Amino acid sequence: MSNVVRPLSIMQKSALSCVKCAKCVPTCTIYSVNRDEVTAPRGYLDIVSAYAEGKLRIDENFKDSIESCFLCTTCVTQCPMSLPIDVVIERARVDIARQYGIPLYKKIAFFLLGNRKILNFIFSLGFYFSPCLFKAQNGHNKLRFSIPKLKEILGNRVIMPFQPRSFLQRYKGWLESFQSDSASVTQQRIGIYIGCLSNYNYVNVGVSLVKILQRLDVQVFIPSKQECCGAPAFFSGDIRNTTRLIKKNLDYFATFLDELDAILIPEATCASMLKLDWSHALEIESEVFGIDNTEYLKKLELLTQKTFMASEWLYKHTRIMKLLQDAPLWQDTENIITYHDPCHARKTLKVFQEPRQLLRNFTMVEMQGSNVCCGFGGVTIQSEKYHLAKHVGDNKAHNIAKSGAHIVSAECSACRMQINDSLVRNNVNVDFKHPLELIAQNLGL
């Protein structure tokens with residue numbers, strides 16, 4: 001008999017530490033929809049641990065339960081020991097994907113997200129053909145025809161806008177900075193990691209960030225070969241595609257990181273992915289496939305030290321508040337803003353006061369449950385489990401409506417997709433604007 005003690009897996013460690021206090025249960029996003037302990041944090045820990053110990057096998061019920069989690073991390077914030085339940089679920093999804101495979105539509109999507117040239121062509125083509133495929137409704141796109149397979153995936157939802165050219169096609173390398181009259185200004189050297197949705201669909205987010213940085217006399221660098229952060233693949237259990245993108249990004253960023261003072265990300269999910277989940281993904285790959293990722297974890301440590309959410313860095317490391325003091329107030333009845341806290345901003349990165357401070361020239365009203373998940377939940381929730389996204393999104397839309405605001409803002413384009421869809425479905429006439437768009441508007445840029 002072997003006396004070798006096998007190390008506990010990622011799926012077992014948190015389960016053994018859980019004391020079943022149930023503080024995580026009442027605020028769990030999926031539990032608010034499906035009142036079942038099997039789809040609640042401590043239930044997840046139990047079934048995943050049982051699977052890891054060989055007491056439970058992966059079947060359709062196990063798969064359905066694990067894939068119903070929104071990965072909002074509310075449970076982690078409520079847990080007295082901050083157990084990483086989200087990482088446990090992400091690890092379990094890897095084994096589910098290995099057993100059941102990645103659905104074809106996801107394989108296509110993840111392939112495209114890793115091939116910029118092809119995706120550039122598809123989105124540009126989409127811009128010119130979108131009037132044929134989609135109809136405009138209250139300023140948003142909806143599917144024009146009832147195409148069974150397409151309708152099955154897209155439903156009657158709002159489709160994000162298409163642009164003729166992506167952000168990375170418009171900007172690349174070092175950009176010219178705004179020339180200040182003050183000779184005492186020391187220029188900072190800042191890179192932008194844009195995120196796929198801001199790159200292809202909500203391009204004005206990146207444009208606004210560039211204008212703000214140039215107004216601050218910052219030297220702006222746009223890494224032209226940056227890749228997707230891998231979040232869609234990671235949250236779907238496709239660990240090999242995830243780490244392939246992570247490693248390509250880490251190798252590329254290492255070639256110029258020493259030249260930069262900071263890297264800004266205007267997207268909460270991408271920022272959280274880079275600062276937290278890249279290490280989780282590399283560790284999961286090591287556990288599952290026995291790959292030594294020590295070299296990449298060291299590169300990642302250097303990168304994360306210089307990486308910030310855009311609003312956090314602007315508020316803490318620039319003179320933007322002085323510029324905003326001299327900017328006009330927009331405190332009229334037509335510019336009332338309510339703010340939604342993206343889960344990957346407030347709960348994982350603890351960024352929530354900064355954007356509110358940067359929007360102080362606007363009239364701000366807090367909606368009920370501003371820190372409650374909007375219901376985006378990732379690719380699986382938005383496709384195979386869209387009914388869950390709608391249930392959670394409807395509650396968010398109602399809270400936005402009750403706030404009396406004319407504009408809802410959040411530093412996350414995934415939230416933007418979900419909230420826009422929810423607002424239109426519930427006939428709530430409120431515009432969505434990214435905080436960077438509002439700040440640029442306030443500064444007259």
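The values are calculated or read from the model by the stated rules, or taken from the named source; none is laboratory data. Note that the structure is predicted; figures quoted are calculated from it, not measured. Virtual Cβ from ideal backbone geometry, glycine too; neighbours counted across all protein chains shown. The accessibility values were calculated without ligands, DNA or RNA, using every heavy atom of the protein model including side chains. Shrake-Rupley method; radii C 1.70, N 1.55, O 1.52, S 1.80 Å.
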Practice task
Using a 1.4 Å probe over the heavy atoms of the protein chains, calculate the carbon and sulfur portion of the accessible area of the chain as a whole percent.
Solution key: 53 percent
Practice task
With N set to the residue count of the range 10-100, report its C-alpha Rg divided by 2.2 N^0.38 Å to two decimal places.
Solution key: 0.97
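So for the chain, Kirkwood radius off the Cα pairs, Stokes-Einstein at 10 °C and 1.306 mPa s: how many µm² s⁻¹? List each step's numbers first, then the result.
Values: Rh = 22.8 Å.
Roughly 70 µm²/s, to the nearest whole number.
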Exercise for the section: Report, ordered by chain and residue number, the aspartates and glutamates lying within cross-link reach of Lys55, taken as a straight Cα distance under 17 Å and ignoring same-chain residues fewer than 8 apart. Expected result: Asp46, Asp95
Exercise for the section: Could you work out the relative contact order of the chain, using alpha carbon pairs under 8 angstrom and six or more residues apart, expressed as a whole percent? Expected result: 15 percent
Handout entry: Nearby aspartates and glutamates by direct alpha-carbon distance to Lys316 (threshold 17 angstrom, same-chain neighbours under 8 apart not counted)
Key = Asp217, Asp261, Glu354, Glu411
Handout entry: Contour excess over end-to-end distance, with Cα ends at Arg189 and Ser17 and 0.36 nm allotted per residue
Key = 57.5 nm
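Mind jotting down a quarter of the surface of the convex hull over the alpha carbons of the range 167-316, in square nanometres, one decimal?
8.9 nm²
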Practice task
Give me the net charge of Gln219's neighbourhood, meaning all other residues with Cβ under 12 Å from the Cβ of Gln219; Lys, Arg count +1, Asp, Glu -1.
Solution key: -3
Practice task
Quick one: accessible surface of Thr29, probe radius 1.4 Å, all protein chains present, in square angstrom to the nearest 10.
Solution key: 10 Å²
Exercise for the section: May I ask which of Lys117/Lys172; Lys211/Lys299; Lys347/Lys390; Lys107/Lys396 have a Cα-Cα span longer than 19 Å here? Expected result: Lys211/Lys299; Lys347/Lys390; Lys107/Lys396
Fill in the blank from the handout: Gyration tensor (Cα only) of the range 183-232 to equivalent ellipsoid, semi-axes in Å sorted down, yields 25, 12, 7
Handout entry: Solvent exposure ordering (accessible area, 1.4 Å, most first) of Arg165, Arg116
Key = Arg165, Arg116
Handout entry: Translational D in µm²/s for the range 246-315 (Stokes-Einstein at 37 °C, 0.692 mPa s, Kirkwood Rh from C-alpha pairs)
Key = 259 µm²/s
Fill in the blank from the handout: Sorted by accessible surface (1.4 Å probe, heavy atoms of the protein chains only), largest first, Glu90, Glu283 come out as Glu283, Glu90
Exercise for the section: Starting from the Cα coordinates of the range 340-391, work out the convex hull volume and express it per residue in Å³. Expected result: 91 Å³
Exercise for the section: Order the following by accessible area, largest value first: Ile47, Ile108, Ile212. Probe radius 1.4 Å; ligands, DNA and RNA are ignored. Expected result: Ile108, Ile47, Ile212
Exercise for the section: Tell me what the chain gives for mean residue ellipticity at 222 nm when only DSSP H runs of n ≥ 4 count, each as -39,500 (n - 2.57), the sum divided by the residue total, rounded to 500 deg cm²/dmol. Expected result: -14500 deg cm²/dmol
Problem - Percent of beta bridges antiparallel (DSSP, the chain, rounded to nearest 5) - result: 30 percent
Practice task
Could you tally the net charge around Lys107, taking each other residue with its Cβ under 12 Å from the Cβ of Lys107, Lys/Arg +1 and Asp/Glu -1?
Solution key: +1
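Would you please report the Å³ per residue occupied by the convex hull of the alpha carbon atoms in the range 320-443?
Here the figure is 92 Å³ per residue.
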Handout entry: 1.4 Å probe accessible area per residue over the range 306-445, in Å²
Key = 38 Å²
Practice task
Grab the other residues whose beta carbon is less than 11 angstrom from that of Ile407, score K and R as +1, D and E as -1, and report the net.
Solution key: -2
Practice task
Report the accessible area of Val365, computed with a 1.4 Å probe over the heavy atoms of all protein chains in place, in Å² rounded to the nearest 10.
Solution key: 40 Å²
